[in-house]
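> Pasting a structure here, questions to come.
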Amino acid sequence: MTMPVLPRFGMGAAAIGNLYRAVSDEEAMATVAAALAAGIGYFDTAPHYGFGLAERRLGAALAAHDPAQAAIVSTKVGRVLVPTRQTGTRQGFVDADPFDEVYDYSAEGVLRSFEASAARLQGRRIDIVLAHDLGTATHGDEHARHRDAFLNGGYQVLCDLRDAGAIGAIGIGVNEIAVCEELLDAVPLDVILLAGRYTLLDRRATALLDRCAALGVRVIAGGPYNSGILAHDTIAADPSDLHYDYAPPSAEIVVRARALAEVAADAGVSLPAAALQHPLRHPAVACVVAGLVGVDQVDAMVARIGTEVPATVWAALDRVVADTPAQISPADQLILLHPDDNVLICVAPIAAGDILPTSGGTIPAREGITVGHKVARRTLAAGEKVIKYGAPIGSMTAAATPGEWVHMHNMKSDYIAAHSRSTMTETRR
(Lines give C-alpha, C1' and ligand atoms only; values in the text may rest on other atoms or scores of the structure.)
Protein backbone atom coordinates (compact mmCIF):
# COMPACT_ATOMS: atom_id res chain seq x y z
CA MET A 1 0.00 0.00 0.00
CA THR A 2 1.28 3.49 -0.80
CA MET A 3 0.50 6.91 0.60
CA PRO A 4 -3.00 7.75 -0.65
CA VAL A 5 -3.78 10.92 -2.54
CA LEU A 6 -5.70 12.98 -0.04
CA PRO A 7 -8.77 14.98 -1.04
CA ARG A 8 -8.84 18.69 -0.25
CA PHE A 9 -11.31 18.22 2.62
CA GLY A 10 -12.07 15.50 5.13
CA MET A 11 -14.30 14.73 8.11
CA GLY A 12 -13.04 14.50 11.67
CA ALA A 13 -14.90 11.85 13.67
CA ALA A 14 -14.56 13.11 17.25
CA ALA A 15 -18.12 14.45 17.23
CA ILE A 16 -19.64 11.08 16.37
CA GLY A 17 -17.76 9.81 19.43
CA ASN A 18 -20.09 12.02 21.52
CA LEU A 19 -17.74 14.96 21.96
CA TYR A 20 -19.59 17.46 24.20
CA ARG A 21 -23.02 15.93 23.49
CA ALA A 22 -24.58 12.54 23.01
CA VAL A 23 -25.22 11.53 19.40
CA SER A 24 -27.34 8.56 18.41
CA ASP A 25 -26.04 5.69 16.31
CA GLU A 26 -28.53 6.74 13.64
CA GLU A 27 -27.26 10.33 13.51
CA ALA A 28 -23.67 9.14 13.33
CA MET A 29 -24.55 6.77 10.48
CA ALA A 30 -26.44 9.52 8.64
CA THR A 31 -23.52 11.94 9.02
CA VAL A 32 -21.02 9.56 7.44
CA ALA A 33 -23.48 8.61 4.68
CA ALA A 34 -24.10 12.28 3.85
CA ALA A 35 -20.38 13.03 3.81
CA LEU A 36 -19.74 10.17 1.40
CA ALA A 37 -22.63 11.27 -0.83
CA ALA A 38 -21.23 14.82 -0.86
CA GLY A 39 -17.85 13.58 -2.05
CA ILE A 40 -16.02 13.97 1.27
CA GLY A 41 -13.81 10.93 0.91
CA TYR A 42 -11.46 11.11 3.91
CA PHE A 43 -12.28 10.30 7.53
CA ASP A 44 -9.97 10.82 10.50
CA THR A 45 -10.64 9.06 13.80
CA ALA A 46 -8.83 7.82 16.92
CA PRO A 47 -9.30 5.45 19.88
CA HIS A 48 -9.48 8.55 22.11
CA TYR A 49 -12.70 9.77 20.47
CA GLY A 50 -15.41 8.37 22.69
CA PHE A 51 -12.96 5.74 23.96
CA GLY A 52 -13.52 3.60 20.88
CA LEU A 53 -17.05 4.79 20.09
CA ALA A 54 -16.08 6.94 17.08
CA GLU A 55 -14.06 4.14 15.50
CA ARG A 56 -16.84 1.66 16.09
CA ARG A 57 -19.48 3.94 14.56
CA LEU A 58 -17.27 4.93 11.65
CA GLY A 59 -16.49 1.29 10.91
CA ALA A 60 -20.19 0.41 10.85
CA ALA A 61 -21.11 3.38 8.65
CA LEU A 62 -18.36 2.75 6.13
CA ALA A 63 -19.21 -0.94 5.97
CA ALA A 64 -22.78 0.02 5.10
CA HIS A 65 -22.15 2.94 2.75
CA ASP A 66 -18.65 2.38 1.34
CA PRO A 67 -18.24 -1.39 0.90
CA ALA A 68 -15.77 -0.86 -1.96
CA GLN A 69 -13.51 1.03 0.48
CA ALA A 70 -13.10 4.01 -1.80
CA ALA A 71 -12.78 6.44 1.14
CA ILE A 72 -9.49 7.07 2.91
CA VAL A 73 -9.30 6.40 6.66
CA SER A 74 -6.75 7.48 9.24
CA THR A 75 -6.58 6.57 12.90
CA LYS A 76 -4.11 7.03 15.68
CA VAL A 77 -1.93 5.13 18.13
CA GLY A 78 -0.43 5.94 21.52
CA ARG A 79 -3.43 5.17 23.68
CA VAL A 80 -4.40 1.60 24.57
CA LEU A 81 -8.01 1.18 25.72
CA VAL A 82 -8.74 -0.85 28.85
CA PRO A 83 -12.16 -1.69 30.40
CA THR A 84 -13.55 0.69 33.00
CA ARG A 85 -16.65 1.13 35.12
CA GLN A 86 -16.44 4.91 34.97
CA THR A 87 -19.52 6.64 33.65
CA GLY A 88 -20.60 10.16 32.82
CA THR A 89 -18.71 12.73 30.79
CA ARG A 90 -15.03 11.92 30.53
CA GLN A 91 -12.51 14.21 28.82
CA GLY A 92 -15.38 15.91 27.02
CA PHE A 93 -16.98 12.71 25.72
CA VAL A 94 -20.56 12.06 26.84
CA ASP A 95 -21.82 8.48 27.32
CA ALA A 96 -18.65 7.06 25.80
CA ASP A 97 -17.85 3.37 25.44
CA PRO A 98 -16.84 1.62 28.72
CA PHE A 99 -13.09 1.97 28.32
CA ASP A 100 -10.36 4.12 29.74
CA GLU A 101 -7.04 4.87 28.07
CA VAL A 102 -3.43 4.17 28.96
CA TYR A 103 -0.68 6.04 27.13
CA ASP A 104 1.66 3.59 25.45
CA TYR A 105 3.89 4.57 22.52
CA SER A 106 6.11 1.47 22.79
CA ALA A 107 6.34 -1.15 20.06
CA GLU A 108 3.92 -3.42 21.89
CA GLY A 109 1.53 -0.60 22.74
CA VAL A 110 1.43 0.75 19.20
CA LEU A 111 0.79 -2.68 17.73
CA ARG A 112 -1.98 -3.40 20.27
CA SER A 113 -3.57 -0.03 19.55
CA PHE A 114 -3.46 -0.58 15.78
CA GLU A 115 -4.94 -4.08 15.99
CA ALA A 116 -7.74 -2.93 18.30
CA SER A 117 -8.56 -0.02 15.98
CA ALA A 118 -8.68 -2.37 13.01
CA ALA A 119 -11.17 -4.54 14.88
CA ARG A 120 -13.40 -1.58 15.82
CA LEU A 121 -13.27 -0.44 12.19
CA GLN A 122 -14.55 -3.90 11.19
CA GLY A 123 -11.35 -4.85 9.41
CA ARG A 124 -11.50 -1.77 7.24
CA ARG A 125 -8.26 -0.87 5.47
CA ILE A 126 -6.47 1.84 7.46
CA ASP A 127 -4.58 4.10 5.08
CA ILE A 128 -2.77 6.40 7.52
CA VAL A 129 -1.67 5.79 11.12
CA LEU A 130 -0.62 8.71 13.30
CA ALA A 131 1.05 8.81 16.72
CA HIS A 132 -1.47 10.79 18.75
CA ASP A 133 -0.83 13.73 21.08
CA LEU A 134 2.89 13.51 21.66
CA GLY A 135 4.03 16.78 23.22
CA THR A 136 4.28 18.73 26.43
CA ALA A 137 0.72 20.06 26.38
CA THR A 138 -0.61 16.52 26.82
CA HIS A 139 2.22 14.88 28.76
CA GLY A 140 4.05 17.66 30.60
CA ASP A 141 7.16 16.32 32.27
CA GLU A 142 6.42 12.86 30.84
CA HIS A 143 6.76 14.07 27.26
CA ALA A 144 10.38 13.00 26.83
CA ARG A 145 9.62 9.50 28.09
CA HIS A 146 6.70 9.02 25.71
CA ARG A 147 8.62 10.55 22.81
CA ASP A 148 11.54 8.20 23.39
CA ALA A 149 9.21 5.21 23.70
CA PHE A 150 7.81 6.06 20.29
CA LEU A 151 11.18 6.69 18.65
CA ASN A 152 12.71 3.55 20.18
CA GLY A 153 9.75 1.24 19.53
CA GLY A 154 6.43 2.42 18.18
CA TYR A 155 7.90 4.25 15.21
CA GLN A 156 9.59 1.11 13.90
CA VAL A 157 6.32 -0.84 14.21
CA LEU A 158 4.60 1.75 12.02
CA CYS A 159 7.45 1.58 9.51
CA ASP A 160 7.16 -2.21 9.42
CA LEU A 161 3.39 -2.05 8.88
CA ARG A 162 3.85 0.45 6.07
CA ASP A 163 6.70 -1.48 4.46
CA ALA A 164 4.62 -4.66 4.58
CA GLY A 165 1.75 -2.89 2.82
CA ALA A 166 -0.63 -3.11 5.79
CA ILE A 167 -0.95 0.69 5.89
CA GLY A 168 -0.12 3.42 3.42
CA ALA A 169 1.56 6.15 5.44
CA ILE A 170 2.75 7.08 8.93
CA GLY A 171 3.04 10.28 10.87
CA ILE A 172 1.86 12.18 13.92
CA GLY A 173 -1.43 13.81 14.90
CA VAL A 174 -0.85 16.71 17.30
CA ASN A 175 -1.73 20.31 18.08
CA GLU A 176 1.77 21.45 19.08
CA ILE A 177 4.37 22.85 16.72
CA ALA A 178 7.41 22.03 18.84
CA VAL A 179 6.88 18.26 18.84
CA CYS A 180 6.56 18.32 15.05
CA GLU A 181 9.99 19.92 14.86
CA GLU A 182 11.39 17.36 17.30
CA LEU A 183 10.09 14.40 15.30
CA LEU A 184 11.18 15.85 11.96
CA ASP A 185 14.67 16.26 13.41
CA ALA A 186 14.70 12.64 14.49
CA VAL A 187 12.92 10.49 11.89
CA PRO A 188 11.31 10.64 8.45
CA LEU A 189 7.53 11.16 8.45
CA ASP A 190 5.06 10.86 5.60
CA VAL A 191 2.39 13.13 7.02
CA ILE A 192 1.59 15.43 9.94
CA LEU A 193 -1.95 16.16 11.10
CA LEU A 194 -1.65 19.49 12.89
CA ALA A 195 -4.76 20.89 14.56
CA GLY A 196 -5.43 24.56 15.15
CA ARG A 197 -1.95 25.92 14.48
CA TYR A 198 -2.38 27.07 10.89
CA THR A 199 -5.72 28.83 10.68
CA LEU A 200 -7.13 32.12 9.51
CA LEU A 201 -6.64 33.34 13.09
CA ASP A 202 -3.44 31.54 14.12
CA ARG A 203 -0.48 31.47 11.71
CA ARG A 204 2.17 30.20 14.13
CA ALA A 205 2.89 27.06 12.10
CA THR A 206 3.98 28.92 8.97
CA ALA A 207 7.68 28.15 9.44
CA LEU A 208 6.92 24.51 10.20
CA LEU A 209 4.80 24.22 7.06
CA ASP A 210 7.61 25.76 5.03
CA ARG A 211 9.89 23.04 6.38
CA CYS A 212 7.35 20.33 5.57
CA ALA A 213 7.06 21.60 2.01
CA ALA A 214 10.84 21.43 1.63
CA LEU A 215 10.96 17.89 3.05
CA GLY A 216 7.98 16.60 1.08
CA VAL A 217 5.97 15.91 4.26
CA ARG A 218 2.26 16.33 3.61
CA VAL A 219 0.24 18.26 6.17
CA ILE A 220 -3.37 17.68 7.13
CA ALA A 221 -4.71 20.85 8.75
CA GLY A 222 -7.21 20.14 11.52
CA GLY A 223 -9.25 22.52 13.64
CA PRO A 224 -9.77 25.21 10.96
CA TYR A 225 -12.34 26.98 13.16
CA ASN A 226 -10.02 27.04 16.21
CA SER A 227 -12.59 24.99 18.18
CA GLY A 228 -15.48 27.28 17.28
CA ILE A 229 -14.57 30.96 17.28
CA LEU A 230 -14.41 31.01 13.46
CA ALA A 231 -17.42 28.76 12.89
CA HIS A 232 -19.93 31.63 12.64
CA ASP A 233 -20.20 34.73 10.47
CA THR A 234 -20.48 37.00 13.50
CA ILE A 235 -18.48 36.85 16.71
CA ALA A 236 -20.58 36.62 19.87
CA ALA A 237 -20.88 39.77 21.96
CA ASP A 238 -20.16 37.83 25.14
CA PRO A 239 -16.66 36.26 25.05
CA SER A 240 -17.82 33.63 27.53
CA ASP A 241 -19.90 32.17 24.70
CA LEU A 242 -16.78 31.66 22.55
CA HIS A 243 -14.19 28.91 22.41
CA TYR A 244 -10.64 29.19 21.13
CA ASP A 245 -8.44 26.11 21.49
CA TYR A 246 -11.19 24.56 23.66
CA ALA A 247 -11.02 27.38 26.21
CA PRO A 248 -12.32 30.96 26.58
CA PRO A 249 -10.36 33.27 24.24
CA SER A 250 -8.20 36.15 25.38
CA ALA A 251 -9.36 39.70 24.71
CA GLU A 252 -6.74 40.02 21.97
CA ILE A 253 -7.99 36.90 20.20
CA VAL A 254 -11.57 38.22 20.33
CA VAL A 255 -10.44 41.54 18.83
CA ARG A 256 -8.67 39.78 15.98
CA ALA A 257 -11.59 37.41 15.32
CA ARG A 258 -14.08 40.27 15.21
CA ALA A 259 -11.85 42.20 12.83
CA LEU A 260 -11.73 39.16 10.54
CA ALA A 261 -15.51 38.83 10.73
CA GLU A 262 -15.98 42.49 9.81
CA VAL A 263 -13.71 42.18 6.76
CA ALA A 264 -15.53 39.07 5.59
CA ALA A 265 -18.96 40.63 6.14
CA ASP A 266 -18.01 43.81 4.27
CA ALA A 267 -16.91 41.66 1.33
CA GLY A 268 -20.03 39.50 1.44
CA VAL A 269 -17.94 36.38 2.16
CA SER A 270 -18.73 33.74 4.79
CA LEU A 271 -16.13 33.85 7.57
CA PRO A 272 -16.41 30.06 8.19
CA ALA A 273 -15.87 29.45 4.46
CA ALA A 274 -12.70 31.52 4.51
CA ALA A 275 -11.56 29.74 7.68
CA LEU A 276 -12.17 26.32 6.12
CA GLN A 277 -10.33 27.15 2.91
CA HIS A 278 -7.43 29.17 4.35
CA PRO A 279 -5.03 26.32 5.25
CA LEU A 280 -4.97 25.11 1.62
CA ARG A 281 -3.28 28.36 0.66
CA HIS A 282 0.00 26.87 1.91
CA PRO A 283 1.59 24.38 -0.51
CA ALA A 284 2.43 21.91 2.28
CA VAL A 285 -1.25 21.46 3.20
CA ALA A 286 -2.84 18.59 1.30
CA CYS A 287 -6.15 18.42 3.18
CA VAL A 288 -8.28 20.27 5.71
CA VAL A 289 -10.25 18.23 8.26
CA ALA A 290 -13.24 19.60 10.13
CA GLY A 291 -15.34 17.81 12.70
CA LEU A 292 -18.88 17.02 11.53
CA VAL A 293 -22.00 15.65 13.13
CA GLY A 294 -25.42 15.79 11.50
CA VAL A 295 -26.49 16.16 7.89
CA ASP A 296 -26.88 19.92 8.37
CA GLN A 297 -23.19 20.28 9.22
CA VAL A 298 -22.24 18.24 6.16
CA ASP A 299 -24.41 20.51 4.01
CA ALA A 300 -22.82 23.60 5.58
CA MET A 301 -19.33 22.28 4.89
CA VAL A 302 -20.19 21.59 1.25
CA ALA A 303 -21.51 25.14 0.88
CA ARG A 304 -18.35 26.56 2.48
CA ILE A 305 -16.15 24.50 0.17
CA GLY A 306 -18.02 25.95 -2.80
CA THR A 307 -17.75 29.57 -1.66
CA GLU A 308 -15.38 31.69 -3.72
CA VAL A 309 -13.04 33.91 -1.71
CA PRO A 310 -11.52 36.55 -4.01
CA ALA A 311 -7.82 37.33 -3.81
CA THR A 312 -8.61 40.86 -2.59
CA VAL A 313 -10.51 39.41 0.39
CA TRP A 314 -7.63 37.07 1.28
CA ALA A 315 -5.31 40.08 1.21
CA ALA A 316 -7.62 42.05 3.51
CA LEU A 317 -7.92 39.14 5.94
CA ASP A 318 -4.14 38.74 5.97
CA ARG A 319 -3.76 42.43 6.83
CA VAL A 320 -6.03 41.96 9.85
CA VAL A 321 -3.71 39.26 11.22
CA ALA A 322 -0.64 41.38 10.55
CA ASP A 323 -2.16 44.53 12.09
CA THR A 324 -3.77 42.96 15.19
CA PRO A 325 -1.23 40.59 16.71
CA ALA A 326 -2.53 38.54 19.60
CA GLN A 327 -0.26 39.68 22.39
CA ILE A 328 0.39 38.14 25.78
CA SER A 329 2.36 40.09 28.34
CA PRO A 330 6.05 39.17 27.96
CA ALA A 331 6.17 38.53 31.68
CA ASP A 332 3.59 35.79 31.16
CA GLN A 333 5.40 34.11 28.26
CA LEU A 334 8.91 33.41 29.56
CA ILE A 335 10.39 32.47 32.93
CA LEU A 336 13.95 32.26 34.22
CA LEU A 337 14.49 29.04 36.17
CA HIS A 338 17.92 29.91 37.61
CA PRO A 339 19.96 33.15 37.61
CA ASP A 340 22.87 31.38 35.86
CA ASP A 341 20.70 30.11 32.98
CA ASN A 342 21.42 31.44 29.49
CA VAL A 343 17.97 30.37 28.24
CA LEU A 344 14.44 31.33 29.21
CA ILE A 345 11.56 28.83 29.24
CA CYS A 346 8.38 29.42 27.27
CA VAL A 347 5.31 29.05 29.53
CA ALA A 348 2.74 30.63 27.19
CA PRO A 349 2.66 30.42 23.37
CA ILE A 350 4.86 32.92 21.55
CA ALA A 351 4.07 34.18 18.05
CA ALA A 352 6.56 35.68 15.63
CA GLY A 353 6.89 39.37 16.43
CA ASP A 354 5.94 39.12 20.12
CA ILE A 355 8.18 41.36 22.22
CA LEU A 356 10.33 39.20 24.48
CA PRO A 357 12.54 40.17 27.44
CA THR A 358 16.23 39.27 27.22
CA SER A 359 19.22 40.00 29.42
CA GLY A 360 19.85 43.19 27.45
CA GLY A 361 16.32 44.56 27.13
CA THR A 362 13.66 43.34 24.70
CA ILE A 363 13.59 41.87 21.21
CA PRO A 364 10.88 40.67 18.81
CA ALA A 365 10.50 36.88 18.60
CA ARG A 366 11.79 35.62 15.25
CA GLU A 367 9.34 32.70 15.08
CA GLY A 368 6.49 30.98 16.90
CA ILE A 369 7.56 29.01 19.97
CA THR A 370 5.36 26.61 21.93
CA VAL A 371 5.16 25.94 25.65
CA GLY A 372 8.07 24.10 27.27
CA HIS A 373 10.78 25.21 24.87
CA LYS A 374 13.84 27.36 25.33
CA VAL A 375 14.67 30.86 24.11
CA ALA A 376 18.15 32.35 24.06
CA ARG A 377 18.48 34.88 26.89
CA ARG A 378 21.58 36.41 25.28
CA THR A 379 23.77 35.67 22.27
CA LEU A 380 24.91 32.03 22.33
CA ALA A 381 27.97 30.95 20.37
CA ALA A 382 28.38 27.70 18.50
CA GLY A 383 29.81 25.13 20.92
CA GLU A 384 28.65 27.03 24.01
CA LYS A 385 26.96 25.03 26.76
CA VAL A 386 23.22 25.52 27.18
CA ILE A 387 22.47 26.16 30.87
CA LYS A 388 19.05 25.30 32.33
CA TYR A 389 18.31 24.97 36.07
CA GLY A 390 21.87 26.22 36.54
CA ALA A 391 23.38 23.13 34.86
CA PRO A 392 24.47 22.25 31.31
CA ILE A 393 21.90 20.28 29.30
CA GLY A 394 23.62 20.34 25.90
CA SER A 395 25.65 22.54 23.62
CA MET A 396 24.97 24.80 20.68
CA THR A 397 25.63 23.47 17.18
CA ALA A 398 25.07 26.95 15.74
CA ALA A 399 25.01 30.46 17.13
CA ALA A 400 21.73 31.92 18.41
CA THR A 401 20.76 35.54 18.90
CA PRO A 402 18.74 36.83 21.88
CA GLY A 403 15.10 35.78 21.58
CA GLU A 404 15.85 32.90 19.20
CA TRP A 405 14.42 29.43 19.74
CA VAL A 406 17.05 27.04 21.15
CA HIS A 407 16.02 23.65 19.88
CA MET A 408 17.16 20.67 17.85
CA HIS A 409 18.06 22.81 14.86
CA ASN A 410 20.83 24.58 16.79
CA MET A 411 21.46 22.48 19.89
CA LYS A 412 22.59 18.94 20.58
CA SER A 413 22.02 16.65 23.55
CA ASP A 414 22.34 12.93 24.30
CA TYR A 415 18.78 12.39 23.04
CA ILE A 416 19.45 13.96 19.66
CA ALA A 417 22.71 12.09 19.20
CA ALA A 418 20.90 8.80 19.80
CA HIS A 419 18.02 9.54 17.44
CA SER A 420 19.43 11.34 14.45
CA ARG A 421 17.69 11.02 11.09
CA SER A 422 20.66 9.08 9.68
CA THR A 423 20.67 6.65 12.60
CA MET A 424 16.99 5.83 12.15
CA THR A 425 17.41 5.44 8.38
CA GLU A 426 20.33 3.08 8.82
CA THR A 427 18.39 1.05 11.36
CA ARG A 428 15.49 0.56 8.94
CA ARG A 429 17.85 -0.78 6.29
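> If you take the residues in region 357-376 that are hydroxyl-bearing (Ser, Thr, Tyr) and crowded, with 17+ Cβ neighbours inside 10 Å, which one is modelled with the lowest pLDDT?
The initial filter retains those residues of region 357-376 that are hydroxyl-bearing (Ser, Thr, Tyr), namely 358-359, 362, 370.
Next, from what is left, pick out any that are crowded, with 17+ Cβ neighbours inside 10 Å: 358, 370.
Numbers: THR358: 60, THR370: 70.
Once the filter is applied, the top-ranked residue is THR358.
> Also, quick follow-up: Mind counting the residues in region 210-226 that are in a helix (DSSP H, G or I) and in contact with a strand residue (DSSP E or B) (Cβ under 6 Å, 6 or more places away or on another chain)?
So the count comes out to 2.
> I need a count of the residues in region 171-190 that are within 20 Å of VAL5 (Cβ to Cβ) and surrounded by fewer than 24 Cβ atoms within 10 Å (Cβ to Cβ).
Counting residues in region 171-190 that are within 20 Å of VAL5 (Cβ to Cβ) and surrounded by fewer than 24 Cβ atoms within 10 Å (Cβ to Cβ) gives 3.
> While we're on this one: Looking at (1) under 21 Å from LEU209 (Cα atoms); (2) modelled with pLDDT under 80; (3) crowded, with 16+ Cβ neighbours inside 10 Å; (4) not hydroxyl-bearing (Ser, Thr, Tyr), which is the only condition ASN410 fails?
Unmet for ASN410, out of (1) under 21 Å from LEU209 (Cα atoms); (2) modelled with pLDDT under 80; (3) crowded, with 16+ Cβ neighbours inside 10 Å; (4) not hydroxyl-bearing (Ser, Thr, Tyr): (2).
> Moving on. Considering region 77-91 alone, what residues qualify as being touching a helix residue (DSSP H, G or I) at 6+ places or on another chain (Cβ under 8 Å) and either touching a residue at least 60 places away in the same chain (Cβ under 8 Å) or of a type in the set (Lys, Arg) (or both)? Spell out the reasoning first.
Within region 77-91, the first condition is being touching a helix residue (DSSP H, G or I) at 6+ places or on another chain (Cβ under 8 Å), and the residues that meet it are 77-81.
If the condition is that a residue be touching a helix residue (DSSP H, G or I) at 6+ places or on another chain (Cβ under 8 Å) and either touching a residue at least 60 places away in the same chain (Cβ under 8 Å) or of a type in the set (Lys, Arg) (or both), then VAL77, GLY78, ARG79 are the ones that fit.
> Given the structure, is TYR20 hydroxyl-bearing (Ser, Thr, Tyr) and buried (at least 21 other Cβ atoms within 10 Å of the Cβ)? Reasoning before the result, please.
Numbers: hydroxyl-bearing (Ser, Thr, Tyr): yes; buried (at least 21 other Cβ atoms within 10 Å of the Cβ): no.
No.
> Does region 117-128 include one or more residues that are more than 20 Å from ALA60 (Cβ to Cβ) and among the acidic types (Asp, Glu)?
no
> Could you run through region 172-207 and say how many residues are assigned to a helix (DSSP H, G or I) and free of Cβ contacts under 8 Å to residues at least 40 places away in the same chain? Reasoning before the result, please.
Within region 172-207, the subset assigned to a helix (DSSP H, G or I) is 177-186, 206-207.
When the remaining residues are screened for being free of Cβ contacts under 8 Å to residues at least 40 places away in the same chain, the result is 180, 184.
Number of matching residues: 2.
> Among TYR42, TYR103, which is among the hydroxyl-bearing types (Ser, Thr, Tyr) and touching a Pro at 6+ places or on another chain (Cβ under 6 Å)?
Working: TYR103 fails: touching a Pro at 6+ places or on another chain (Cβ under 6 Å).
Being among the hydroxyl-bearing types (Ser, Thr, Tyr) and touching a Pro at 6+ places or on another chain (Cβ under 6 Å) holds for just one of TYR42, TYR103, which is TYR42.
> Select from region 132-159 the residues that are among the hydrophobic types (A, V, I, L, M, F, W, C), at pLDDT 95 or above and part of a helix (DSSP H, G or I) and list them in ascending order. Steps first, please.
At the first step, the residues of region 132-159 found to be among the hydrophobic types (A, V, I, L, M, F, W, C) are 134, 137, 144, 149-151, 157-159.
Now narrow it down to the ones that are at pLDDT 95 or above: 134, 149-151, 157-159.
Matches in region 132-159: ALA149, PHE150, LEU151, VAL157, LEU158, CYS159.
> Which of the residues that make up region 213-228 are hydrophobic (A, V, I, L, M, F, W, C), farther than 26 Å from ARG145 by Cβ and in contact (Cβ under 8 Å) with a residue 40 or more places away in the chain? Can you show your working first?
So the first thing to find is which residues in region 213-228 are hydrophobic (A, V, I, L, M, F, W, C), and the list is 213-215, 217, 219-221.
When the remaining residues are screened for being farther than 26 Å from ARG145 by Cβ, the result is 213-215, 219-221.
Those that are hydrophobic (A, V, I, L, M, F, W, C), farther than 26 Å from ARG145 by Cβ and in contact (Cβ under 8 Å) with a residue 40 or more places away in the chain: ALA213, VAL219, ILE220, ALA221.
> Name the residue, out of TYR42, TYR20, that is under 26 Å from LEU134 (Cβ atoms), at pLDDT below 95 and not small (Gly, Ala, Ser).
Values: TYR42 fails: at pLDDT below 95.
After applying the criteria, what remains is TYR20.
> Continuing with this model, one more query. Identify the single condition in (1) surrounded by fewer than 20 Cβ atoms within 10 Å (Cβ to Cβ); (2) modelled with pLDDT of 95 or more; (3) not aliphatic (A, V, I, L, M) that THR2 does not satisfy, given that it satisfies every other one.
Unmet for THR2, out of (1) surrounded by fewer than 20 Cβ atoms within 10 Å (Cβ to Cβ); (2) modelled with pLDDT of 95 or more; (3) not aliphatic (A, V, I, L, M): (2).
> May I ask you to list pairs of residues, at least six apart or on different chains, whose Cβ atoms are under 7 Å apart, with the first in region 377-388 being surrounded by 18 or more Cβ atoms within 10 Å (Cβ to Cβ) and the second being of a type in the set (Lys, Arg)?
LYS388/LYS374
> Okay, next question. If only one of LEU208, LEU194, LEU158 is surrounded by 22 or more Cβ atoms within 10 Å (Cβ to Cβ), under 23 Å from ARG319 (Cα atoms) and either of a type in the set (Val, Ile, Thr) or not assigned by TED's automatic domain parsing to the domain that holds GLY368 (or both), which one is it?
On the way: LEU194 fails: under 23 Å from ARG319 (Cα atoms); LEU158 fails: under 23 Å from ARG319 (Cα atoms).
Exactly one residue qualifies, and that residue is LEU208.
> Okay, next question. Identify the residue in region 113-124 that is of a type in the set (D, E, K, R) and surrounded by 16 or more Cβ atoms within 10 Å (Cβ to Cβ) and, among all such residues, is nearest to LEU158 (Cα to Cα). Walk me through it before giving the result.
First, the residues of region 113-124 that are of a type in the set (D, E, K, R): 115, 120, 124.
Keeping just the survivors that are surrounded by 16 or more Cβ atoms within 10 Å (Cβ to Cβ) gives 120, 124.
Details: ARG120: 19, ARG124: 17 Å.
Ranking the candidates gives ARG124 first.
> Specify which of the listed residues (THR89, THR136) is more than 22 Å from TYR20 (Cα to Cα) and hydroxyl-bearing (Ser, Thr, Tyr).
Numbers: THR89 fails: more than 22 Å from TYR20 (Cα to Cα).
Within the list THR89, THR136, the selection yields THR136.
The values are calculated or read from the model by the stated rules, or taken from the named source; none is laboratory data. As the structure is a prediction and not an experimental result, all values here were calculated from the model. No Cβ is skipped: glycine too gets one built from the backbone with ideal geometry, and neighbour counts run over all protein chains shown.
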